[in-house]
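Student: Below you will find the structure I want to go over with you.
The values are calculated or read from the model by the stated rules, or taken from the named source; none is laboratory data. As the structure is a prediction and not an experimental result, all values here were calculated from the model. Don't worry about glycine lacking a Cβ; one is built from the backbone with ideal geometry, like all the others, and counts go over all protein chains shown. With ligands, DNA and RNA removed, areas are computed over all heavy atoms of the protein, side chains included. Shrake-Rupley method; radii C 1.70, N 1.55, O 1.52, S 1.80 Å.
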Amino acid sequence: MKKIGFIDYYLDEWHANQYPGWIKEASGGAMEVAFAHAVKDAEHGLTNRDWCAKHGVVWCATIEEVIERSDYLIVLSPDNPEQHEALAALPLASGKPTYVDKTFAPDREAALRLFERAAQHHTPLYSSSALRYADEYGDVERAGIRVISSLGPGSFENYSIHQIEPVVALMGPDAKRVMFIGTEAAPALLIEFAGGRQATIQQPGAGCPFMMAVNYDSGACRVAQPASDYFQRFIRDLVAFFETGHASVPPAETVAIMSIIENGWIAAKQPYRWIDLPGS
C-alpha cells in the first residue's frame, strides 16, 4: 500500500477530515493517508495529535519526517493559501508527487515560484478546485465560447476560485484584464480574455447554487449546473496523478487563476475600472 503524507497549517479542517476516506475508496485500498504534520492546532477543534489518533494517522514531528516516510504528499491549508509556499518548500524539493490544495497561492508571483521550485527538483505538482471536475462543466463544448456568466455561493476570498477555475478550464489561460462590478455583500468580477471573450463571476449569497450560462459565437446558449459528485471525480484524478506523476491541470491555467484572484482584490478597491493582468 502506498503511503500519503499530509502537511497542513492545522489538521482539523474539512478537507483533511474528508480526504483520507475518499482516497482509500477511490484507490481501491491501494493508497492511504498514513502520516501528518501541521504548524499549529486548530483554534476551534481537535489538536493535531488528537486528529491523528482519530484518523489512524501517524503524527510526525517535522515536515522532513512526513516526506521521508511517504510515497506521495498533499499540502493542505485550504483556507490559508499564504501558508502554501512555506509548507510546500520541502515537498517540492523531494521529487515525490505533490498536490497543493486550493487556493494554490495568494498571488501570481508565488504561484510561479512554486512551479519553478517543483520543476527545478523534478517534482510532479498540481492544484485545482474540485469544481473543475463537475461532469456538467466537463460536458460543455469549448469551441466557439464567447461569454460565460457564472454564479455561485461564498466569499470572494475562499470561493471565487470555484467559479474562476471552471471558467479558465473552458476559456483558456489567456485572461487580459479584470473589472470589479459587484458590491461588498455580493461580489462580482468581469474577466476579459483574448479576442474580446468575456466571463462574469457573481456571488450573490449563501443560497446561490454553482451554475453557468455559456454563450457561443453562433448565438446558442448552454446552461450547466453541477449536480454530479465532483469531489469524487477530483479524488479519482488525484489518485491517477499519484499513480502516474502526470498532472491533468496545465500550470499556465493555475497561474492565470491566481492572477485573476489577486487582481480581483485590487479591482475591488476601484470598481468599474479595468485592471490589466500581468503578461497581458
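Student: Within the range 67-79, take every residue that is crowded, with 22+ Cβ neighbours inside 10 Å and of a type in the set (A, V, I, L, M) and give me the one that is farthest from the chain's Cα centre (by Cα). Before the answer, list the steps.
Tutor: Initially, the range 67-79 is screened for residues crowded, with 22+ Cβ neighbours inside 10 Å, giving 70, 72-77.
Pick out the ones that are also of a type in the set (A, V, I, L, M) and you get 73-76.
Values: LEU73: 16, ILE74: 12, VAL75: 11, LEU76: 10 Å.
Only one residue fits best here, namely LEU73.
Student: Quick check on my filter: what residues within the range 231-254 are assigned to a helix (DSSP H, G or I) and open to solvent by less than 20 Å² (accessible area, probe 1.4 Å)? Quick ask: steps written out before the conclusion?
Tutor: Applying the first criterion (assigned to a helix (DSSP H, G or I)) to the range 231-254 yields 231-244, 251-254.
Matches in the range 231-254: PHE234, ILE235, LEU238, VAL239, PHE241, PHE242, THR254.
Student: Going by what's in this entry, would THR98 be described as free of Cβ contacts under 8 Å to residues at least 60 places away in the same chain and more than 17 Å from the chain's Cα centre (by Cα)? Quick ask: steps written out before the conclusion?
Tutor: Values: free of Cβ contacts under 8 Å to residues at least 60 places away in the same chain: yes; more than 17 Å from the chain's Cα centre (by Cα): no.
No; evaluated as a whole, the condition is false for this residue.
Student: Additional query: So which of ILE261, ILE266, ILE201 ends up being within 18 Å of ALA105 (Cα to Cα) and either open to solvent by 50 Å² or more (accessible area, probe 1.4 Å) or not in a helix (DSSP H, G or I) (or both)?
Tutor: Values: ILE261 fails: either open to solvent by 50 Å² or more (accessible area, probe 1.4 Å) or not in a helix (DSSP H, G or I) (or both); ILE201 fails: within 18 Å of ALA105 (Cα to Cα).
Answer to the check: ILE266.
Student: Let me confirm something: among GLU64, GLU82, which residue is open to solvent by 10 Å² or more (accessible area, probe 1.4 Å), closer than 27 Å to SER155 by Cβ and among the charged types (D, E, K, R)? Write out each step before concluding.
Tutor: Numbers: GLU64 fails: closer than 27 Å to SER155 by Cβ.
Just one listed residue meets the conditions, GLU82.
Student: For the range 77-95, what are the residues that are assigned to a loop (DSSP other than H, G, I, E, B) and in contact (Cβ under 8 Å) with a residue 60 or more places away in the chain?
Tutor: Step one: of the range 77-95, the residues assigned to a loop (DSSP other than H, G, I, E, B) are 77-80, 89-90, 94-95.
Listed by number, the residues that qualify are SER77, PRO78, ASP79, ASN80.
Student: Which members of the range 27-58 meet the condition of being open to solvent by 30 Å² or more (accessible area, probe 1.4 Å), within 13 Å of TYR72 (Cβ to Cβ) and of a type in the set (A, V, I, L, M, F, W, C)?
Tutor: Within the range 27-58, ALA30 is the sole residue that qualifies.
Student: Let me ask something else about it. Anything in the range 114-130 that is surrounded by fewer than 24 Cβ atoms within 10 Å (Cβ to Cβ) and part of a loop (DSSP other than H, G, I, E, B)? List them, or say none.
Tutor: HIS121, HIS122, THR123, PRO124
Student: For ALA111, which of the numbered conditions (1) buried (at least 20 other Cβ atoms within 10 Å of the Cβ); (2) without any contact (Cβ under 8 Å) to a residue 40 or more places away in the chain; (3) over 25 Å from CYS208 (Cα atoms) fails to hold?
Tutor: With (1) buried (at least 20 other Cβ atoms within 10 Å of the Cβ); (2) without any contact (Cβ under 8 Å) to a residue 40 or more places away in the chain; (3) over 25 Å from CYS208 (Cα atoms) applied to ALA111, the lone miss is (2).
Student: Additional query: Please enumerate the residues belonging to the range 114-139 that are hydrophobic (A, V, I, L, M, F, W, C) and without any contact (Cβ under 8 Å) to a residue 40 or more places away in the chain.
Tutor: Of the range 114-139, the ones hydrophobic (A, V, I, L, M, F, W, C) are 114-115, 118-119, 125, 130-131, 134.
Of everything in the range 114-139, those that are hydrophobic (A, V, I, L, M, F, W, C) and without any contact (Cβ under 8 Å) to a residue 40 or more places away in the chain turn out to be LEU114, ALA118, ALA119.
Student: Hey, another quick one. Working only within the range 269-280, note down all residues that are open to solvent by 20 Å² or more (accessible area, probe 1.4 Å) and either at negative phi or not in a loop (DSSP other than H, G, I, E, B) (or both).
Tutor: LYS269, GLN270, PRO271, ARG273, TRP274, ILE275, ASP276, PRO278, SER280
Student: For PHE180, state whether it is modelled with pLDDT under 95 and either surrounded by fewer than 24 Cβ atoms within 10 Å (Cβ to Cβ) or under 20 Å from the mean Cα position of the chain (by Cα) (or both).
Tutor: Numbers: modelled with pLDDT under 95: no; either surrounded by fewer than 24 Cβ atoms within 10 Å (Cβ to Cβ) or under 20 Å from the mean Cα position of the chain (by Cα) (or both): yes.
In short, no.
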